[in-house]
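Following: one structure in structure tokens, then a few remarks.
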Amino acid sequence: MARFILNPESSKPLYKQIVDYYENSIINGSLQTGNALPAERDLAVQLGVNRSTVTTAYAELRANGYITSRQGSGTRVSPEAADLIPDHSMTWNKLRNQHLADDSSLYGKHYDYLKDPSLINLISGSIAEDLCLAKSAHELTPFTTKLDNAPPTKERVTHSICRFMKQSCLSEHMVLTSSLEQAMLLSVKCFLNPGDAIAMEEPVNYSHLNILIVSGIRVIKYSTDKPLTQTMFQKESIKLVIANSNNIYDHSLSHSAILQQRKKILSQCEKVGIPILEIVETSLLTNSVGNDLPSFFELGSNRELVVQIGHFTGIAPGLSLGWVLGPEHVVNRIQEVQMQLCMTPPPVLLEIVDNILNSDELHDHIDTIQEQLYVRKQKVLHKLNTLKDHITILQIEDPTSIWFDFKPSLNRQELFDTLLDSNVLLVPHKQEHAVRIRLPLSYVTKEQLLEGTSRLISVLNTLHVRQFAVIY
């Protein structure tokens, strides 16, 4: 940045020259959000003026929203300063997506951990390589030459997907995408504008939350403990509700209670005309969507307000197929946006998926993997038995996960941070008198799963002892 020199001959007051200098530096991008400014005493010495001159200048910059001062961290360019830059000016700071703040999400805060190959990631949502149908491109070769030589039509692929999910739908009501995240991004682009507010069911998936954050969407979380209300819809101007069909988070509720809860949310949304975006996750490990409860899409009286998105994982490492299911006019709009953004899934991917879904190998693979998951579950349960005085295993019909409550309740953020320090990425959930943990069996290899379980047990024991010592 150019050296700052005051002009004592100018008719403009010295403090105003300081104000103009820093405003211009922020507007032209020389100073960016978070950059530090000199301490008042140091700047006064540098410029050869009374400290009161600098104090007055900083006070005006602070009042105008350009800078902020905080005990211990000094004076810095305000996070809101970028919003004050005139529309006609263009800087690198303006070109940068302001929603991608370093502390905007879990992935921003803990990016260095995610780059560490030794991290055991138990929230990835992706099937581990050793459980995938194919471990490499070579193993996918047989599925590129099956059936007929003609590429499958969208209708045929859609029919194969719906049959696998045991769900009936028309092909004109489904859009295929390359991933679940792409399906969500397309839905956000169609339904929302930056600044809009949405309600999202807890516990949230952090990769989904990131998509909303970087799109400038304001997220209000809801749960059994903090249900949606008409007042919330009006006060927050909620434009969309995101729900998770696989969510069996509140084990205290019976299936009939969860069903009533879904019907109530659906009724609330239908009353005010707010759409529901329902997330359904499934994999080639099982040919079901996780539970036998009817989805929002199935419950909808006219299916005009519910859009369902989902994906298949477990084909091969990093390879999945997403989809959007909804009213025909919504699907047509999503297809338009998909083509405009060049996000149409490649035909070879559709051909491979269609061949896999219609193959005998898939059913053999599912049987084999279910046996492997059962073995994993027994080994993990054996390890968790060392915590038997403090945990309650929840009898949830989920072959891909183990759910348990740890009592007494621990500080959720401290538990998350301590696990991360142990190179385990896992998001605990707060209950009234316990902390609830979903331990997925399929996101990492068997060796990583057992090692991650050992680290989890160690952290739970450490924090419990520490909490006991504080109490007494």
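R0 = 30 Å: FRET efficiency of residue 388 with residue 163, Cβ-based, nearest 0.05?
Approximately 0.10, to the nearest 0.05.
What figure, in Å² to the nearest 10, do you get for the accessible area of residue 339 with a 1.4 Å probe and non-protein molecules left out?
Approximately 130 Å² for this residue.
If you rank 49, 353, 375 by how much accessible surface each has, with a 1.4 Å probe, what is the order from largest down?
375, 49, 353
What are the membrane-span-like helices in the chain by this rule: whole DSSP H runs, Cα extent along the axis at least 24 Å, mean Kyte-Doolittle hydropathy at least 0.0?
The answer, listed by residue number, is 446-471.
Shape of segment 295-356 from its Cα gyration tensor (a ≥ b ≥ c, root eigenvalues): rounded if a/c is under 1.5, otherwise prolate when a/b > b/c, or oblate?
Oblate, since a/c reaches 1.5 and b/c is not below a/b.
What residues have an amide H closer than 5 Å to that of residue 394, excluding those fewer than 5 places away on the same chain, when H is modeled at 1.01 Å from N in the peptide plane?
Under 5 Å from the amide H of residue 394 lie the amide H atoms of 403, 404, 405, each far enough along the sequence or on another chain.
Quick one: compute the contact order of the chain, relative version, from alpha carbon pairs under 8 angstrom and 6+ residues apart, as a percent.
Worked out over the chain, it gives 17 percent.
Just from the alpha-carbon atoms, what are the Rg and Dmax of the chain in angstroms?
26.9, 88
Based on the Cβ-Cβ distance from residue 264 to residue 171, what FRET efficiency comes out when R0 is 30 Å, to the nearest 0.05?
Working from the Cβ atoms, E equals 0.40.
Rounded, prolate or oblate, given the Cα gyration tensor of segment 421-472, with a/c below 1.5 counting as rounded?
The shape class here is oblate.
Between residue 257 and residue 339, what length comes free when the chain is fully extended (0.36 nm per residue of separation minus the Cα-Cα distance, one decimal in nm)?
Between residue 257 and residue 339, full extension yields an extra 25.4 nm.
Taking the full set of protein chains and a 1.4 angstrom probe, give the accessible area of residue 76 in square angstrom, rounded to the nearest 10.
Estimated to the nearest 10 Å², residue 76 gives 90 Å².
Report the gain in length on full extension from residue 80 to residue 42: 0.36 nm times residue separation, minus Cα-Cα distance, nm rounded to one decimal.
11.2 nm
Just subtract the alpha-carbon distance of residue 123 and residue 423 from 0.36 nm times their residue separation and send over the number in nm, one decimal.
Difference between extended and current length: 106.7 nm.
Output needed: percent of Cα pairs per 5 Å distance bin for segment 340-439, bins running from 0 to the one holding the longest distance.
Taking all Cα pairs of segment 340-439, the binned fractions are 2, 10, 13, 15, 14, 10, 9, 11, 9, 5, 1, 0 percent.
Say each of residue 464 and residue 396 gets a label point 7 Å from the Cα, pointing the same way as Cα to Cβ; how far apart are those two points in nm?
Distance between label points: 2.0 nm.
When DSSP beta bridges are limited to those with both residues in the chain, what percentage is antiparallel, rounded to the nearest 5?
55
Please work out whether segment 175-268 counts as rounded, prolate or oblate from its C-alpha gyration tensor, where a ≥ b ≥ c are the square roots of the eigenvalues and a/c under 1.5 means rounded, while otherwise a/b larger than b/c means prolate and anything else oblate?
Cα axes put segment 175-268 in the oblate bin.
Given the pairs 135/379; 221/388; 135/189, which are separated by over 27 angstrom at their Cα positions?
Too far apart for the 27 Å limit: 221/388; 135/189.
Which of the lysines could be linked to residue 271 by a straight reach, that is with a Cα gap under 17 Å, when you skip same-chain ones fewer than 8 residues away?
Within reach: 235, 239, 263.
The values are calculated or read from the model by the stated rules, or taken from the named source; none is laboratory data. These numbers were taken from a predicted model, which means no experiment stands behind them. Positions of Cβ are generated from backbone atoms using ideal geometry, with glycine treated the same way; all protein chains shown enter the neighbour counts. To get the accessible areas, we keep the full protein, side chains included, count just its heavy atoms, and leave off ligands, DNA and RNA. Shrake-Rupley method; radii C 1.70, N 1.55, O 1.52, S 1.80 Å.
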